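First comes the structure, then the notes that go with it.
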Amino acid sequence: MTTMGTEQLFEQFKARAEGVSAEVHRYASESEAVAFVLRFLQDEGAADAPQGYALWAGGPLRDRIDHDVASTVAGLKLAVSRELAADARVGISQVEWGLANTGTLVQDSTAVDQRLVSSLPAIHIAFVPTDSILPDMGALLTKVDPQKMGYITMITGPSRTADIERVLTIGVHGPERLVIVCVDDMEPDGR
Amino acid sequence: MEHEFRQSVRRAVNNANLTGALGKFSEAYRVNRLKAYEGLDFEALRSRIAELKSYAASHLDLLAELFKQNAEAKGATVFRTNDPAKVREYILQVARDNGVKTVVKSKSMATEEIHLNPYLEEAGIEVGETDLGEWIIQLAGQTPSHMVMPAIHMTKEEVSDLFSKEVDERLSSDIPQLVKVARGQLRGKFLAADMGISGGNIAVAETGSIVLMTNEGNARLVTSLPKIHIALVGIEKLVANFADIVPILTALPKSATAQLLTSYVSIITGPTPNSDGSLKDMHIILMDNRRSEMASDPKFRQALQCIRCASCLNVCPIFRLVGGHVFGKVYTGGIGTILTAWFDELKKSEDIQGLCIQCGNCKEVCPGKIDIPELIMEIRRRLVQEQGLPLLQKTIYSVVNNRRLFHGMLRAASIAGKPMASGGFIRHLPLFLADLTDGRSLPAIAAEPFRDRFRKIKQPAGLPEKAAFYAGCLIDFAYPEMGVALVKLLNRAGIEVVFPDAQTCCGAPARYNGAYEVAAQNAVDNIEAILGEEVKYVVSACPTCTVALQHEFINTFESLGQTDRLPRARALAEKTVDFSTLVKRLVDEGRLTLKEGQKLGAITYHDSCHLKRTLRVSEQPRELLQKAGYTLTEMFECDNCCGMGGSYSLKLPEISAPILQRKLKHIKETGAPTVAMDCPGCVMQIRGGMDQDGAKVEVRHTVELLAEQVK
Ligand code: SF4
Ligand code: SF4
């Protein structure tokens, strides 16, 4: 088998993720990606009220943005708690890897905040470095170490069920929308 | 068979919601599963899974110990026990020690196996199932009817009634709306729960990790929100290495629901901090409950290769008719029968083991490469060993085992049956074919059995090769014309046919009823009779007989430890060939020529279970029929069982009949005036069905159709 380049991996990842109802976007730089998310929040009418705001869990990208600017964005909170997450409409996080052949996101979510923002809100937005899209789970094995990561999460599309009459229904306990933002030029964070 | 059991079967078969939902699902499943596996080498994948699970099954002690060490090094508490009662007590103790009032659970078969919910509820603890299907079942006070889709038997109207009661408001039966209601109701429970209980899809010894897969996301919440997490894991979920999770994660979602991957996979290694900064109190219970014993059983060890995908249920022609409840409260379908026999008791499987018609569909798709029908046969054998045969069967087999008496009775039947025969069918047959004409006419016993007609056939002299014909009871006594056709074909190819007179029943009826001693005696008689002839081939036009000669004689001797009989059985197996395979070879070699340029019209072909899935023959008869001048029109589900299954159709007519009806429908839908098949048993079932149905479809054995077209 010939090894796939970043472009091919991205294309496959996008197709497979969209195949399971995820939304996939791609931006060249971090600032463009962040701008997209802020626009997204605005379009969604994010506001500080319960069931109206977004919660952004810690991570390299969040920590790099200008917090003074972020704090002026309506309906965006940068501190996560269980109570806040339970009432958030949007959860934002950064994941480490993508898997092309299944359209999957993979994250070291040992920190519970990461899980709270990606499981309780109705919308989950996930940043992923485009060049961290791996071909498949086999390739992932060389990257993850359960000894160092207490809780590894894989996410493939939004939450779903077919438990009533086998009818596929999106959004049971987890998010009903998964918005993936691939960033080409993500700064290395010492991983 | 138990009266109560028969009633539950009847109830299920007549439950239109159930059979409708399961039927539709199973039809879609076959297609979608193939799509999910597209581009993957399924055989290689399942071999890998079988290998790693089999390794684990033979090192359970070692792996459990390793797992405990590694998980405890990470801060989890690991408790290992063989006893379901101890599991329940342990969980209750942890709950009591921590003042737990409410528990949320994600789906776990192991907790069902030990009936955990009622136990905790009795102790005053509120238990909430959070998997949507499980929650529906819990509200309805029922048990799951399918391992992966617990509420598949319920309609949206029923669900809406349940939810309406729960929220005290009249809800519509709009599914997305119902799902929203469930989300709202369960969200509060998640946030309030003191303890989360999960199962585990995989437990990795090397790292002490447990792997959980869900689509709804409930397992993530169960393991993240409450401060205590207990994972109950059957020790068969252990694998040695972290890398072993890849093949299982690859196959499980594809086999279970035809998805590339479940929406969520969690790999948890030791406790992680809660949102208030405290460390999670994490317990992992490794439950044995006879699994180690199973691992040391040479036959049943392979059942531990199961990854609980339930695809064996989805493709089972019986399951799709009766659903899960008939099988009992916990594990259902073919594999469920096996697990019930072990985790519950052998006796509990007495009725349900009889549900398996031995069609082999499940074995084809099992990602754990488990020979489910073979293991069910082994349960039958052990039941017979433990309890003996019912008197009626005993009498029948003592007859079958005495060739002269058996054949004498069959001859007598041909005379006794005559007055009632009309157009080749009779309404009653003596012997073990008695008492069943429900939806199907039975053939008259031939006036002159094949063994007598054979003597009158004038075969050309000086043919260069010899073949022994093994007729089997049906061709010998009901359809001698099939035998005559076979002799004609082989003669044209330069093969002289001999008929060893001492051949007798192939032993399949006895074997499929667990009477292995009887089957072994049949095998011995046949081996002596056939190997007494100097022949190049032993040919049969009955796949069940061919399978007996090629595989089951050997297998029966092995099961009974009669190793001294194996060399002769193997010698026979080597020479045995089914008629389509042999004829195809003869045609390819130019030794047999079919008439050219024939336009014989449309034909459809029914694959017999044993031919397709044990002998792996499906293209040969199709190619031959097309070569002869027929135009092949495939029917839907051409390789699904016709419901005959030997004496199955006599024992469980309420299941056999609807399976036959389905087959007839698919045949008729092709519009072909003729349906061909390679098995006299299938001919008997399908021709009888068509006769009662009144449809003008000719039901023929391939051998007859080909004999008509030979030059
Ligand atoms: S062999 Fe056929 S009838 Fe028996 S369990 Fe498997 S699929 Fe069902
Ligand atoms: S026996 Fe095979 S097909 Fe059935 S649930 Fe287990 S792994 Fe799946």
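The values are calculated or read from the model by the stated rules, or taken from the named source; none is laboratory data. Computed from a predicted model, the values in this text were never measured in an experiment. Every residue, glycine among them, receives a Cβ derived from its backbone with ideal geometry; neighbour counts consider all protein chains shown. When the accessible area is computed, the model is the full protein with side chains, heavy atoms only, and any ligands, DNA or RNA have been set aside. Shrake-Rupley method; radii C 1.70, N 1.55, O 1.52, S 1.80 Å.
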Query raised in the report: What are the residue pairs meeting all of these: first residue in the range B:238-262, first residue closer than 15 Å to A:VAL144 by Cα and more than 14 Å from ligand 2 (Cβ to nearest atom), second residue open to solvent by 20 Å² or more (accessible area, probe 1.4 Å) and not hydrophobic (A, V, I, L, M, F, W, C), Cβ atoms under 6 Å, and 6 or more apart or on different chains?
Result: B:ASN241/B:GLU206; B:PHE242/B:GLU206; B:VAL246/A:GLY138
Query raised in the report: Looking at B:GLY388, is it surrounded by fewer than 24 Cβ atoms within 10 Å (Cβ to Cβ), within 16 Å of ligand 1 (Cβ to nearest atom) and either small (Gly, Ala, Ser) or within 20 Å of B:ASN289 (Cβ to Cβ) (or both)?
Result: no
Query raised in the report: Can you name the residue in the range B:51-80 that is part of a helix (DSSP H, G or I) and within 11 Å of chain A (Cβ to nearest Cβ) and, of all such residues, is most open to solvent (accessible area, probe 1.4 Å)?
Result: B:ALA73
Query raised in the report: So, of the residues in the range A:159-170 that are within 7 Å of another protein chain (Cβ to nearest Cβ) and touching a residue at least 12 places away in the same chain (Cβ under 8 Å), which turns out to be most open to solvent (accessible area, probe 1.4 Å)?
Result: A:ARG160
Requested in this report: Tell me which residues, restricted to the range B:1-50, are over 30 Å from B:ILE245 (Cβ atoms) and open to solvent by 90 Å² or more (accessible area, probe 1.4 Å).
Outcome: B:MET1, B:GLU2, B:HIS3, B:GLU4, B:ARG10, B:ARG11, B:ASN14, B:LYS24
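Okay, residues lined up against (1) crowded, with 22+ Cβ neighbours inside 10 Å; (2) more than 16 Å from ligand 2 (Cβ to nearest atom); (3) of a type outside the set (Ser, Thr, Tyr); (4) under 26 Å from B:CYS309 (Cα atoms):
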residue	(1), (2), (3), (4)
B:LYS107	yes, no, yes, yes
B:HIS115	no, yes, yes, yes
B:TYR119	no, yes, no, no
B:ALA123	no, yes, yes, no
B:ALA140	no, yes, yes, yes
B:MET147	yes, no, yes, yes
B:ALA192	no, yes, yes, no
Requested in this report: Considering (1) more than 24 Å from B:ALA510 (Cα to Cα); (2) touching a His at 6+ places or on another chain (Cβ under 9 Å), say which one B:ALA541 fails and leave the rest.
Outcome: (1)
Query - Filtered residues of the range B:508-535 (kept if over 16 Å from B:ASN555 (Cα atoms), assigned to a loop (DSSP other than H, G, I, E, B) and in contact with a Lys or Arg (Cβ under 8 Å, 6 or more places away or on another chain)) - result: B:GLU533, B:GLU534, B:VAL535
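Yes/no matrix, rows are residues, columns are (1) closer than 25 Å to B:THR207 by Cα; (2) crowded, with 23+ Cβ neighbours inside 10 Å:
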site	(1), (2)
A:ARG89	no, no
A:LEU105	yes, yes
A:VAL117	no, yes
A:SER132	yes, no
A:PRO135	yes, no
A:LEU141	yes, no
A:MET149	yes, no
A:ILE155	yes, yes
Requested in this report: Would you check if there is a residue in the range B:522-541 being among the hydrophobic types (A, V, I, L, M, F, W, C), surrounded by fewer than 22 Cβ atoms within 10 Å (Cβ to Cβ) and under 30 Å from B:CYS356 (Cα atoms)?
Outcome: yes
Requested in this report: Please determine, by comparing only the residues of the range B:149-184 that are more than 10 Å from chain A (Cβ to nearest Cβ) and closer than 15 Å to A:GLU176 by Cβ, which one is least open to solvent (accessible area, probe 1.4 Å).
Outcome: B:VAL181
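Filtering the range A:90-132 down to residues that are assigned to a helix (DSSP H, G or I) and in contact with an Asp or Glu (Cβ under 7 Å, 6 or more places away or on another chain), which residue is farthest from A:ALA33 (Cα to Cα)? Break it down stepwise before answering.
Let us first name the residues in the range A:90-132 that are assigned to a helix (DSSP H, G or I), namely A:112-119, A:130-132.
Next, only the ones that are in contact with an Asp or Glu (Cβ under 7 Å, 6 or more places away or on another chain) stay: A:130, A:132.
Details: A:THR130: 12, A:SER132: 16 Å.
The qualifying residue farthest from A:ALA33 (Cα to Cα) is A:SER132.
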Requested in this report: Could you check B:MET635 against (1) open to solvent by 20 Å² or more (accessible area, probe 1.4 Å); (2) not in a strand (DSSP E or B) and say which number it fails?
Outcome: (1)
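Here's the yes/no breakdown for (1) open to solvent by less than 30 Å² (accessible area, probe 1.4 Å); (2) without any contact (Cβ under 8 Å) to a residue 60 or more places away in the chain; (3) in a helix (DSSP H, G or I):
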position: B:GLN598; (1), (2), (3): no, no, no
position: B:THR604; (1), (2), (3): yes, no, no
position: B:GLN620; (1), (2), (3): no, yes, yes
position: B:ASN640; (1), (2), (3): yes, no, no
position: B:ILE655; (1), (2), (3): yes, no, yes
Report task. Starting from the range B:314-336, take each residue that is within 14 Å of ligand 2 (Cβ to nearest atom) and list its partners that are among the basic types (Lys, Arg) and open to solvent by 20 Å² or more (accessible area, probe 1.4 Å), counting only C-beta distances under 7 angstrom and pairs at least six apart or across chains. Result -> B:VAL315/B:ARG30
**Report entry** Unmet criterion (only one of (1) closer than 30 Å to B:LEU261 by Cα; (2) within 14 Å of chain B (Cβ to nearest Cβ); (3) not β-branched (Val, Ile, Thr)) for A:PRO50
**Finding:** (1)
Report summary line: The residue that is most open to solvent (accessible area, probe 1.4 Å), considering only those in the range B:339-357 that are away from ligand 1 (no atom under 13 Å from the Cβ) and assigned to a loop (DSSP other than H, G, I, E, B), is B:GLU345
Report summary line: Only unsatisfied item for B:LYS665, checking (1) free of Cβ contacts under 8 Å to residues at least 24 places away in the same chain; (2) under 25 Å from the mean Cα position of the chain (by Cα); (3) not in a helix (DSSP H, G or I), is (3)
Query raised in the report: Out of (1) within 14 Å of chain A (Cβ to nearest Cβ); (2) at pLDDT 90 or above; (3) closer than 19 Å to B:HIS146 by Cβ, the odd one out for B:LEU249 is which?
Result: (3)
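Hey, which of the helices (runs of 4 or more DSSP H) in the range A:1-87, taking only ones fully inside, have at least 1 residues that are in contact (Cβ under 8 Å) with a residue 12 or more places away in the chain and of a type in the set (D, E, K, R)? Working first, answer last.
Details: elements: A:6-19, A:30-43, A:60-64, A:67-70, A:82-87.
So the answer is A:6-19, A:30-43, A:60-64, A:82-87.
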Requested in this report: Say whether the condition of being away from ligand 2 (no atom under 14 Å from the Cβ), more than 14 Å from chain A (Cβ to nearest Cβ) and either within 21 Å of B:PRO253 (Cβ to Cβ) or in a helix (DSSP H, G or I) (or both) is met by at least one residue in the range B:358-375.
Outcome: no
Report task. Just name the residue that is nearest to the other protein chains (Cβ to nearest Cβ) out of those in the range A:89-117 that are in contact (Cβ under 8 Å) with a residue 60 or more places away in the chain and small (Gly, Ala, Ser). Result -> A:GLY103
Query raised in the report: Just to be sure, is A:ALA17 at pLDDT 95 or above and aliphatic (A, V, I, L, M)?
Result: yes
Query raised in the report: Taking B:SER209, is it under 26 Å from A:HIS124 (Cβ atoms) and either more than 8 Å from every other protein chain (Cβ to nearest Cβ) or open to solvent by less than 10 Å² (accessible area, probe 1.4 Å) (or both)?
Result: yes
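B:ALA467 - would you say it is away from chain A (no Cβ under 14 Å), at pLDDT 95 or above, more than 16 Å from ligand 2 (Cβ to nearest atom) and surrounded by 15 or more Cβ atoms within 10 Å (Cβ to Cβ)?
On the way: away from chain A (no Cβ under 14 Å): yes; at pLDDT 95 or above: yes; more than 16 Å from ligand 2 (Cβ to nearest atom): yes; surrounded by 15 or more Cβ atoms within 10 Å (Cβ to Cβ): yes.
The answer is yes for B:ALA467.
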Requested in this report: May I ask you to say which residue of B:ALA203, B:ALA219 is within 30 Å of B:ASN241 (Cβ to Cβ) and assigned to a helix (DSSP H, G or I)?
Outcome: B:ALA219
